[in-house]
Amino acid sequence: MAVNNGVRAKQMLEARELSHAKRGIGWGLLSGATWGLDGVILGIGTAMAPFTGGASIYAAPLAGACLHDGFAGLWLFFYNLFTGKWREYIRTLATKPGLIVCLAALFGGPIGMAGYVLGINMAGASYALPITAMYPAIGAIMAVFILKERISWRTWLGIVLCITGAIIVGYAPPEGSSPYFHLGIGLSLLACLGWGMEGVLSTYGMDMVDPDIAIGIREAASFVVYFVAILPLAAGLPIFFAAFGTKSLWIVALAGFFGGLSYLAWYRALNMTGVGRAMTFNISYALWGVFWAWLITKTPVTPALLGGAVLIFCGTVLATTNPRELLNLRKR
Amino acid sequence: MKLPMRFRIIHLVSQRDNISDREVMEALQDEYGDEGQYKMSIIETHLMSLRAVGIIENTGVSLDENDNLVQQFSITDYGRDLLDKYLPSQWK
């Protein structure tokens, strides 16, 4: 009887752990789908007044990014209030891992998100999204230098595929596109650097922090840096304030909702199913972005766009996950 | 100041080898019992995630008299390293 109980207990445990990892994959996919949607909605919102004006070409997209992270942080705070975790913000900020989350926010927000928003604004969502999807590959390269991680040939192959995909996506802008198209592609690459660094820092200190709180702090810290440092420098504050009372504010708020949901799902997936797998499902947003842009803004899906997005997706899967492990979850 | 609950769970596991999920729940009652996050489902999720990232490890599993799964956990070397680095000094 005792032996049977032991065997059954082990089976139940295995089933529970498997379901935990599978839920993690679900969160990873949700993070990809909502991030793609976020990019398309943010693109619509920041194509309207007051985001169409501004003292410089940077001012409006940065004001949009600031509002986006501000709203994402606000929605996440409401969520944490609802789940009874709001006291954890201050407690977490009093610990070193909490401060590492803030540092990761600097790279992920003002560098990653600013590059991403400027990229969408100048090069269009369907180009910026697949390029920024290279960030896990960039993260892997940085991990070699910073975390002294070893990188296999499979990973390098994945990195090469990603970069090839990005070149295919970036090649030959469609007619009538923004005059800053190439700058937009460059800024999308900068976003990759910021997010890659964010990933490295996260790996370094974030295992100990509740993912729901980590992401709440990350969005709030990012908003604060935009508001006190970036926007005043880029002359973005007038646009920030002008947005209040316009329809575009609500569209950015909606994008912030999906952005917050996406990040929440992403941080949870990291914890539940492992970094490699979570990153792989997260970057499915390159494909989701093409899908949502086609569905909502009727952006045509060109063969080059689809081919490049698929290459980036395959490359990142190669770079961040052992495909055999991905198919066989039981042998983790 | 109180530790964040997840951080406190790591600390608890580091102090008691083979602590069960229920003992963790009971031990947290005085500190976090009046908060909305004090729920078995949330504490279970923390424990499973901490195990998945290698901070704690599963050291035993059994069934109680009502056929519910009871898990036991201990800290890993990686978890102890993290605590050495990041546990605030007043908790050491």
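The values are calculated or read from the model by the stated rules, or taken from the named source; none is laboratory data. As the structure is a computational prediction, the values presented were derived from the model and not from experiment. Backbone-built Cβ (ideal geometry, glycine too); neighbour counts: all protein chains shown.
Quick notes
- Looking across the range A:16-25 at every residue that is touching a residue at least 40 places away in the same chain (Cβ under 8 Å) and crowded, with 16+ Cβ neighbours inside 10 Å, the one that is farthest from the other protein chains (Cβ to nearest Cβ) is identified as A:I25.
- Filtered residues of the range A:154-175 (kept if exposed (fewer than 15 other Cβ atoms within 10 Å of the Cβ), more than 22 Å from the chain's Cα centre (by Cα) and at pLDDT below 80): A:R154, A:Y171, A:A172, A:P174, A:E175
- In the range B:48-92, residue surrounded by the most Cβ atoms within 10 Å (Cβ to Cβ) [restricted to those that are of a type in the set (D, E) and within 16 Å of A:R8 (Cα to Cα)]: B:D64
- Qualifying positions in the range B:10-24 - touching a strand residue (DSSP E or B) at 6+ places or on another chain (Cβ under 7 Å) and more than 18 Å from A:V209 (Cα to Cα): B:D17, B:N18, B:I19, B:S20, B:D21, B:R22
- Tabulated pairs, the range A:208-223, first facing another protein chain (nearest Cβ under 9 Å), second polar (S, T, N, Q) and buried (at least 24 other Cβ atoms within 10 Å of the Cβ), C-beta under 6 angstrom, 6+ apart or interchain: A:V209/A:T92; A:P211/A:N271; A:I213/A:T92
- Any hit, the range A:2-15, residues being within 22 Å of A:D207 (Cβ to Cβ), assigned to a helix (DSSP H, G or I), within 9 Å of chain B (Cβ to nearest Cβ) and of a type in the set (K, R): no
- Leading residue by the ranking (nearest to the other protein chains (Cβ to nearest Cβ)) among those in the range B:40-92 that are over 25 Å from A:K85 (Cα atoms) and in a helix (DSSP H, G or I): B:Y78
- The residues of the range A:190-216 that are modelled with pLDDT of 85 or more and farther than 27 Å from A:P130 by Cα, listed by number, are A:M208, A:V209, A:D210, A:I213.
- Scanning the range A:111-139 for residues that are surrounded by fewer than 24 Cβ atoms within 10 Å (Cβ to Cβ) and either in contact with a Ser or Thr (Cβ under 7 Å, 6 or more places away or on another chain) or within 28 Å of A:W294 (Cβ to Cβ) (or both) yields one hit, A:G124.
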